[in-house]
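To start, the structure under review is shown below, and the notes come after it.
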Amino acid sequence: MSNIVDARGFSCPQPVLMTLDEINKVNKGQIEVLVDTDTSRENVSRAATSKGWQVKDVKQEGDGYRITITKE
Amino acid sequence: MGILKNFFATRWGIISVGSFIGVFAPLLQKLGNPGNMGICVACFERDIAGALGLHRAAVVQYMRPEIIGFVLGSLIAAYIFKEFRPRVGSAPIVRFVLGAFAMIGALVFLGCPWRALLRLAGGDGNGILGLAGLICGIWIGTLFLKGGYSLGRTEKTHTSVGWLLPLIMLGFLVLMLMSPQVKGQTKSGVLFYSLKGPGSMHAPLIISLVIGLAIGFLAQRSRFCTMGAFRDLILFRQAHLFMGICALVIVAFITNLIVGQFHPGFLKQPVAHTMAIWNFGGMVVAGLAFALAGGCPGRQLFLAGEGDGDAAVFVLGMIVGAAFSHNFGLASSPKGVGPHGIAAVIIGLLVCIFIGFTMRKRAA
């Protein structure tokens, strides 16, 4: 069961802020982040990696992406 | 294509784009653009406002092809890499107002963040105060962001909506070709042309346009942003975009040294004044407005090129803000701040703070 962050429609830096909020909340496990631009996809992936999370999967979904990040 | 796509998102990608701008901005100056103003998004949009006659400051009127190139270059990159996403609806009126005051603040300092960096790279010590103001404004913006400030979500829209600003820019280019500059004339067709001052100084049209297109293309790929550089550093301790502007300053400094454009000092710098407080204060307003709007003036052009209609509204706000700046005596000149520049900085700060405090979204 993963937590979902819906950052679609938000512009930089909000998707990253929302992702980091969720990361701080759950500490570990799996989070799915929905974004709708390539910039957000890159920024969210970069921020998650810098926090020690792994980008497990990036799937195209509708007009955007579903990014799955995990931490053991 | 995939490799290229990934490259620009890497550290070396952003460094190479910053370096590219660092080489070509000083070269544009060498080829005719004003001093320490190889590229200045605020100044050039102000010159466009002048060329259109939205203000009648005779020394700053020229349809700058670099700006046209930035938007169209980004559009081309967005299409090639399938990133053109028409979208609108995230508080456009707020973005318009932020754009106008960002311009008003920038013209008190006499430069956007790009020019603040280029002024520093050209030896203008006043650029340090502008940058300090910029960082201070962005820092205030990050406090609002941490407090839940949000302009709300965009909505997907028709392709034609995303095309509007690129089409306006294309229209400007057509106007320029139909009304070319005539030596010694202040007006050609519908466009105004400066005979003296910064507006009269420019590189050849085709060179400005091609370099503008190249920078627009590369900046769309790399998400180059001078505001984001400081914001991400303050907010996330992340130096990715910051590497880009460091590369810009260092390479521009070296390029200036090579072509003989490095003149260190505070006095008699080109298109600059020495009123430290207002160099700082103007950029506090601009930095805060850019932070609240999510991008530096260059980034707003690149976003507009990839279909972001809200960024396009910010750009139009900047152009209108430039007209107000010169019509109301808000803009500075090398002699110092304009007659109402100080009042404008205070009002701009109040407006930005009002927007920052009132547009907060609390998590449910």
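Things to note:
- In segment A:47-72, the residues that are under 16 Å from residue B:238 (Cβ atoms) and surrounded by fewer than 19 Cβ atoms within 10 Å (Cβ to Cβ): A:49, A:50, A:51, A:52, A:55
- Among the numbered conditions (1) in contact (Cβ under 8 Å) with a residue 40 or more places away in the chain; (2) surrounded by 24 or more Cβ atoms within 10 Å (Cβ to Cβ); (3) more than 14 Å from chain A (Cβ to nearest Cβ), the only one that residue B:58 does not meet is (2).
- Every pair of residues 6+ apart whose Cβ atoms lie under 6 Å, when the first sits in segment B:329-340 and is farther than 16 Å from residue B:59 by Cβ and at pLDDT 95 or above while the second is surrounded by fewer than 20 Cβ atoms within 10 Å (Cβ to Cβ) and of a type in the set (Phe, Trp, Tyr): B:340/B:328
- Filter pass, residue B:167 being more than 14 Å from chain A (Cβ to nearest Cβ) and closer than 20 Å to residue B:274 by Cα: no
- Odd one out for residue B:87, checked against (1) basic (Lys, Arg); (2) within 17 Å of residue B:201 (Cβ to Cβ); (3) surrounded by 20 or more Cβ atoms within 10 Å (Cβ to Cβ): (2)
- The set of residues in segment A:1-20 that are part of a helix (DSSP H, G or I) and more than 8 Å from chain B (Cβ to nearest Cβ) comprises A:15, A:18, A:19.
- Meets criteria (closer than 18 Å to residue B:249 by Cβ, hydrophobic (A, V, I, L, M, F, W, C), surrounded by fewer than 24 Cβ atoms within 10 Å (Cβ to Cβ) and touching a residue at least 24 places away in the same chain (Cβ under 8 Å)) for residue B:120: yes
- Criterion: aliphatic (A, V, I, L, M), closer than 25 Å to residue B:268 by Cα and in a loop (DSSP other than H, G, I, E, B) - qualifying residue of B:108, B:59: B:59
- Taking segment B:242-268 as the range and being out of contact with any helix residue (DSSP H, G or I) (no Cβ under 9 Å at 6 or more places or on another chain) and within 13 Å of residue B:120 (Cβ to Cβ) as the test, the residues that pass are B:264, B:265.
- Picking from residues in segment B:137-153 that are assigned to a helix (DSSP H, G or I) and more than 18 Å from the chain's Cα centre (by Cα), the one that is surrounded by the fewest Cβ atoms within 10 Å (Cβ to Cβ) is B:146.
- For segment B:4-37, filtering for residues that are within 12 Å of chain A (Cβ to nearest Cβ) and small (Gly, Ala, Ser) leaves 2.
- Residue in segment A:38-49 that is part of a strand (DSSP E or B) and under 17 Å from residue A:8 (Cβ atoms) present: no
- Verdict on residue B:41 being in contact with a Cys (Cβ under 8 Å, 6 or more places away or on another chain) and either away from chain A (no Cβ under 14 Å) or more than 30 Å from residue A:8 (Cα to Cα) (or both): yes
- Residue match in segment A:59-71 (condition: part of a strand (DSSP E or B), touching a residue at least 60 places away in the same chain (Cβ under 8 Å), more than 12 Å from every other protein chain (Cβ to nearest Cβ) and under 10 Å from the mean Cα position of the chain (by Cα)): yes
- Test: residue in segment B:284-299 that is within 19 Å of residue B:96 (Cα to Cα) and among the basic types (Lys, Arg): yes
The values are calculated or read from the model by the stated rules, or taken from the named source; none is laboratory data. These figures come from a predicted structure and were not determined experimentally. Ideal geometry is used to build each Cβ from the backbone, glycine not excepted, and the neighbour counts take in all protein chains shown.
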